[in-house]
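First comes the structure, then the notes that go with it.
What follows draws every value from the coordinates through simple rules; no lab data is involved. The structure presented is a predicted model; accordingly, all values stated were derived computationally and were not measured. For neighbour counting, all protein chains shown are included, and Cβ atoms are generated from backbone atoms with ideal geometry for every residue, glycine included.
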């Protein structure tokens, strides 16, 4: 172990979470990192360096950069990232390596096992192929998943449909349903007054009689933005406006091009960029939309539901876990801008329905989307594996 590691490391449990980028550590697994810290252990985040590492360090979470980690399809960069991870694990000797898919979930499990990390756990945030995809894609994704899963001690699936598929294809015998959750105290509409809502709308330059349709997510086609922009072209800009919070993702092959964004701006779409005040933005919205082609278990939709918003989403895996069709929102076919526009218009025209569905969203979030339940399952998984392997790791007894 390096001298720096000895300085930062506590005498108790040490858990390293591996993701592609630091944004995932900050926004997807921060509660799990905090839980290890709060147990008196050492929480480590491993990812490409970025703007969110300072937030992690302020939380008492150590960040170790994986410089070659990238979302892009780049085999040479991936090979370098594998070598870098090997060096980190051999130097740091964590008790637990917790990987997150897609790419780090594959090579991380394999490297973790080869580096003799005592406990290797993986979270499947969403299989990158569904049964509707081409045979070649399914074979590649499922084959890699099956190999990598044999290198882990436990597999945590966020989505029950993915878990059912994994069991059907016999990926692993150590799979558990994790679910997903958000901070229900932060994402609580009671935190925001009518004046708070008015202030955000005023800052956006949107008057009270226009319906704000909100979207939160990376600017990639997979999130359904092209269809959403086409849908907005069918709606009256005098009655509604689309507000989008989310940064670009130039490493992805389906990143939205300048022409697509410019056309959307011409339709009145407001692009706010990456924001860390999305809770205040939700408070100013009237409804939320997520027209994704593929999801694991969408966090933004859960946040919007927790904030008491009706949700219009596509009828795909993941979105179906957040939206009960006709209850707290509406589901439409993916890649269908006409159906999407119709669902949005249905809620634009019906304030009472929006309020009723928004109330149902908050209730659904309270019952199903509490991140404290997710943290409990993760820690219980570490303890179960430690007991099964008779490891006697401090903090897991």
Response to the item:
Heads up, the chain by the C-alpha gyration tensor (a ≥ b ≥ c square roots of eigenvalues; a/c under 1.5 rounded, else a/b over b/c prolate, else oblate) looks prolate
Item to complete: Could you please state, rounded to a whole Å, how far the C-alpha centre of the stretch 40-94 is from the C-alpha centre of the stretch 303-360?
Response: 37 Å
Practice prompt. Report relative contact order for the chain in percent, whole number only (criteria: Cα-Cα under 8 Å, sequence separation at least 6).
Written response: 14 percent
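Arranged by the count of other C-beta atoms within 10 angstrom, fewest first, what order do 204, 25 take? Don't skip to the end; give the middle numbers.
Values: 204 15, 25 28.
Lowest to highest Cβ neighbour count: 204, 25.
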Fill in: Residue order, fewest to most surrounding Cβ atoms within 10 angstrom, among 114, 56, 287, 97
114, 56, 287, 97
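Regarding the stretch 216-373, what is the average projected area of its C-alpha convex hull, in nm²?
8.8 nm²
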Discussion item. Need one number: % antiparallel among DSSP beta bridges in the stretch 189-368, to the nearest 5.
Written reply: 5 percent
Item to complete: Starting with the fewest neighbours, write out 100, 367 ranked by other beta-carbon atoms found within 10 Å of each beta-carbon.
Response: 367, 100
